[in-house]
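Here the structure is laid out as structure tokens; the discussion comes afterwards.
All of the numbers you see were taken from the coordinates with simple rules; none came from a lab. The shown structure was predicted, so the numbers you read here are calculated from the model rather than taken from an experiment. Positions of Cβ are generated from backbone atoms using ideal geometry, with glycine treated the same way; all protein chains shown enter the neighbour counts.
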Amino acid sequence: MRADARKNRDHLLAVAGTALTEQGVDVAMRDIARRADVGLATLLRHFPTREALLEALLHTSFDELTAKAGELETSSSPEEALVSWLRDCVAWTTEYRGVTVLMTAAIEDTESALHTSCVTLRAAGARLLARAQAAGTARTDIDGTDLFALIAALAWLGDQPSLAPRADHLFDVVASAILTGAASSDAEAERRPRARS
């Protein structure tokens, strides 16, 4: 790709990222083109569909979250890795309102431009969950699909203005429900303020 074409593409992605943060994934392509001060045809030449634009925009984040799961597998205890990754995923999904609906649909649609990235991301979470389950620190009656659904539910909470102030508390409740016994108690103890001696 020529340098000027790459610069134009990067500009469109930056503008689209801002638009998605402000308006969610349903922002119109025409609005993105207007914000970028280009014609719709120019935007469509770079990204022929909304999904192609979203895939280009979100691909890096999916890769980073997937890589983070791999790093956590080797650097943290199973329960810490799972909760840390879950927190990162929820934080990221709340940046773009409606992205979890898009991701859930993409997992089911093998023709979606987002399918592979979303399936890979879900598999990364499933590995962290399986590792915690094998260590006896996470409940065994949930799987990667359930974990993905919990991320979507927690992201939805963050999107609701009246519930957003409770999002961190509810994340802790859900995380404690995923963990079992000692792991859950240890995590709760870590969150409590320590008494002064």
For segment 1-48: rounded, prolate or oblate by the Cα gyration tensor [a/c cutoff 1.5]: prolate
Would you calculate, for the chain, the mean residue ellipticity at 222 nm contributed by helices, counting each DSSP H stretch of 4 or more residues as -39,500 (n - 2.57) and dividing by all residues, to the nearest 500? -24000 deg cm²/dmol
If contacts are Cα pairs under 8 angstrom and at least 6 residues apart, what is the relative contact order of segment 33-133 in percent? 32
Set the Förster radius R0 to 41 Å, insert the Cβ-Cβ distance between residue 140 and residue 63 as r into 1/(1 + (r/R0)^6), and round the FRET efficiency to 0.05. 0.90
Before anything else, pin down the relative contact order of the chain: Cα pairs under 8 Å, at least 6 apart, normalised by residue count, whole percent. 19
Kirkwood Rh (inverse of mean 1/r, distinct Cα pairs), segment 38-97, angstrom: 13.4
log₁₀ of I(q)/I(0) at q = 0.14 Å⁻¹ - the chain, Debye sum with one point per alpha carbon: -0.84
